[in-house]
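Data first, discussion second: the structure below is written as structure tokens.
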Amino acid sequence: SQQGEEDPQALSIQEGENATMNCSYKTSINNLQWYRQNSGRGLVHLILIRSNEREKHSGRLRVTLDTSKKSSSLLITASRAADTASYFCATDKGTYKYIFGTGTRLKVLA
Amino acid sequence: DGGITQSPKYLFRKEGQNVTLSCEQNLNHDAMYWYRQDPGQGLRLIYYSQIVNDFQKGDIAEGYSVSREKKESFPLTVTSAQKNPTAFYLCASSIQQGHEVFGPGTRLTVL
């Protein structure tokens, strides 16, 4: 079963614009992670945010977590063509088992 | 360099055949995972293992089998009982409550 659901399913923006994607989940979590997947490749870890954190930054990436709303957002600022990929959230409920959402397909137009 | 390797990159299977996908890691991670990804879809968990000689079924384990005889290795066998095995298979590993490190994937096609 899918725990996280990303929104929107697809997003197309111009280079230099910001991209925001959201993830909603159903049950309480210990941490939430965001991953990127380029077409036909493995996933690359971007950011892990723990349930007691509200915001985290890594370079052009900003992740927020609202546990009261059971949602997270990933903001990519000043997007580049190389950011074109699918982005997934994954939740960990305190076991080794991670549950991935269905992903947001981001296309950055040069 | 530490990481996860999967082989082969592409695999073709005839109907009725069992095939085994290899996954090896040198990150000293305790946990390892197998996921299946269908076109345009998210990842679905097939099996995971928290420790050597132990593994648990994920959401879609039917038609698959695994073993964990060594910490570094977590091979996945796609059996003939899996009726729709054509997919992209991803292996990953992690420490407890840490992020997962993914391999490059194996694309399996049934002929």
Item to check | Burial order of peptide ranges B:14-23, A:98-107, B:82-91 (average beta-carbon count within 10 Å, highest first) | outcome: A:98-107, B:82-91, B:14-23
Next on the checklist: If you take each beta carbon of peptide B:87-93 and count the beta carbons of other chains within 10 angstrom, what is the mean?
Outcome noted: 2
Item to check | Förster radius 25 Å - calculated FRET efficiency between residue B:38 and residue B:95 (Cβ-Cβ, nearest 0.05) | outcome: 0.30
Item to check | Gyration tensor (alpha-carbon) shape descriptor, region A:54-105, a/c threshold 1.5 | outcome: oblate
Checklist entry - Given a Förster radius of 25 Å and the C-beta distance between residue A:44 and residue A:66 as r, what FRET efficiency does 1/(1 + (r/R0)^6) yield to the nearest 0.05? => result 0.50
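If you wrap a convex hull around the C-alpha atoms of chain B and split its volume per residue, what is the figure in Å³?
Taking the convex hull of the Cα positions in chain B, it is 97 Å³ per residue.
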Checklist outcome for this item: For the table A:26/A:69; B:14/B:83; B:9/B:70, the rows whose alpha-carbon distance is greater than 19 Å are B:9/B:70
Checklist outcome for this item: By the mean-Cβ-within-10 Å protection proxy, highest first, B:31-38, A:32-39 rank as B:31-38, A:32-39
Checklist outcome for this item: Sorted largest first, the C-alpha extents of chain A along its principal axes in whole angstrom are 40, 28, 20
Item to check | Label point at residue B:107 placed 7 Å out along Cα→Cβ; residues across region B:22-53 whose backbone nitrogen lies under 12 Å | outcome: B:39
Checklist outcome for this item: Partner shielding of A:29-39, taken as the mean number of other chain Cβ atoms within 10 Å, equals 2
Next on the checklist: Per-residue Cβ counts within 10 Å, from other chains only, averaged over B:38-51: what number is that?
Outcome noted: 4
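A short reminder: the numbers here are calculations on the coordinates, not readings from a lab. The structure displayed is predicted, hence computed values, not measured ones. Every residue, glycine among them, receives a Cβ derived from its backbone with ideal geometry; neighbour counts consider all protein chains shown.
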